[in-house]
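The values are calculated or read from the model by the stated rules, or taken from the named source; none is laboratory data. It should be emphasised that the depicted structure is a prediction, and the values quoted were computed from it without experimental measurement. Here Cβ is always computed from backbone atoms with ideal geometry, including for glycine, and neighbour counts include all displayed protein chains.
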Amino acid sequence: MTTKIVKFISLLVSLSIIFTTARSTVLINPLLQKLADKILNKTEEANELIDEFNALLNFSLPDPWNIETIKPTLTFYQIGNKNFEVLYDFDPKKTVAHLNSIGFLHVQQLILITHGFHNNFDTDWLHDYKDVILNITASQKIPQTVAILGWGGGADILVFRYRQAAANVLTVGQWLAKFVIEIKKVQSNLRVYGIGHSLGAHVMGVAGRISKNFDRITGLDPAGPCFEKVENSETLRPSDAKFVDVIHTDGYDSRLDPSEWFFPVNHYGSLIPIGSVDFYPNYGYHQPGAGTFTVAGSHLRSLDLFLWSMTNRNRFVTDLILTKVPDFDDPVTENKPSSYRAEMGFFSDRWPIPPRNESNTLFYLKTNKNEPWV
């Protein structure tokens, strides 16, 4: 066995560390283990290498960066008004007073949208969402303001630093909460709605938990690594808003696509229910049409489904629920009829919430591999 091969295996292991789940019991990708075993011929060195890698799974998150390092921004959009950008060092009280004076808060609803890992303010889907929501505002004459939270300084960092981005969720959520608190002081009847993808779902959760002023939070495939099965994590919770709806699209899957061969976990989301209502399209993992040689394809599917729901009301209505509660590494593959109905997506809050009893709030629906999704 050459030194080059040993270094190659060590590099694969090092690259994999950043995707691991802190304090979790998730094992390394079986194919990584098989590769190491094959090249090293199951030698003692191979066993030591794999034991060391599994031990690294017990690392805790690093300290979050401060707000001066991350430099988040919050940009407000409203039909007929000039965009207004809130910088990280703006005073919340003075800023909110100004936003109120120029009309951004004289609306029925404020919708906050944010991204996850390796994204930033310029990520396309954020602006797609904003544009569609403003179109709905115009066509239905519902006064709404949209604000995009960009925190690329803490999320759009080297791929090797996922754990750091996960830790930065706390800092950004705390910063956002300060503005929401002030907003509700000047407009107590304003409805605050947060939409977050991946790590962004947990950012909204932190902001809701601290401010206690969110009416609704939508988690679009909330990030699993560093949150699921982690004690005292900053994961999104049902209590973070009056209504929390979650769409799961990339939970644990025992099958491996070629795109996942060199990643230590084969999911970016989670199967664990964390909302008032949780939706599991295609049982919450391995989405049709997503996968082969497309890293995070199923993880991104939640964005497509939610965007489509904005202009296709009642298309994602279902009365099917999972037969039991899934665990992070134990997906459910059967469904049963329910006496309750729910709608996945933008209009989910228009339906009554079933009582929480076993899998009563865990809704299933089957989607196609492309549009139309149903």
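Structure notes:
- Among the conditions (1) buried (at least 22 other Cβ atoms within 10 Å of the Cβ); (2) part of a loop (DSSP other than H, G, I, E, B); (3) among the small types (Gly, Ala, Ser), the only one that ALA207 does not satisfy is (2).
- Candidates VAL317, VAL277: the one that is β-branched (Val, Ile, Thr), farther than 30 Å from TYR162 by Cα and buried (at least 16 other Cβ atoms within 10 Å of the Cβ) is VAL317.
- Residue in the stretch 75-90 that is assigned to a loop (DSSP other than H, G, I, E, B), at pLDDT below 95, closer than 24 Å to ASP156 by Cβ and not small (Gly, Ala, Ser) present: no
- Single residue of SER348, SER302 found to be of a type outside the set (Asp, Glu), at pLDDT 95 or above, more than 20 Å from ASN360 (Cβ to Cβ) and surrounded by 20 or more Cβ atoms within 10 Å (Cβ to Cβ): SER302
- None of ARG356, ARG350, ARG301, ARG315 is more than 21 Å from HIS127 (Cα to Cα), touching a Gly at 6+ places or on another chain (Cβ under 9 Å), in the same structural domain as ASP253 (by TED's automatic domain parsing) and among the basic types (Lys, Arg) except ARG315.
- Filtering the stretch 310-345 to residues that are basic (Lys, Arg) and either modelled with pLDDT under 95 or farther than 21 Å from SER270 by Cα (or both) leaves ARG313, ARG315, LYS336, ARG341.
- The stretch 145-195, subset of a type in the set (S, T, N, Q) and not in a strand (DSSP E or B), residue nearest to ASN120 (Cα to Cα): ASN168
- All conditions in (1) crowded, with 24+ Cβ neighbours inside 10 Å; (2) part of a loop (DSSP other than H, G, I, E, B); (3) within 15 Å of the chain's Cα centre (by Cα) hold for THR218, with the sole exception of (2).
- Residues of the stretch 162-170 include at least one that is closer than 27 Å to TYR268 by Cα, in the same structural domain as PHE328 (by TED's automatic domain parsing) and at pLDDT below 95.
- Restricting attention to the stretch 221-254 and to residues that are among the aromatic types (Phe, Trp, Tyr) and surrounded by 20 or more Cβ atoms within 10 Å (Cβ to Cβ), the residue that is farthest from THR114 (Cα to Cα) turns out to be TYR252.
- Unmet criterion (only one of (1) assigned to a loop (DSSP other than H, G, I, E, B); (2) modelled with pLDDT of 95 or more) for ILE142: (2)
- Some residue of the stretch 96-113 being within 28 Å of PRO222 (Cβ to Cβ), among the hydroxyl-bearing types (Ser, Thr, Tyr), in the same structural domain as VAL172 (by TED's automatic domain parsing) and not in a loop (DSSP other than H, G, I, E, B): no
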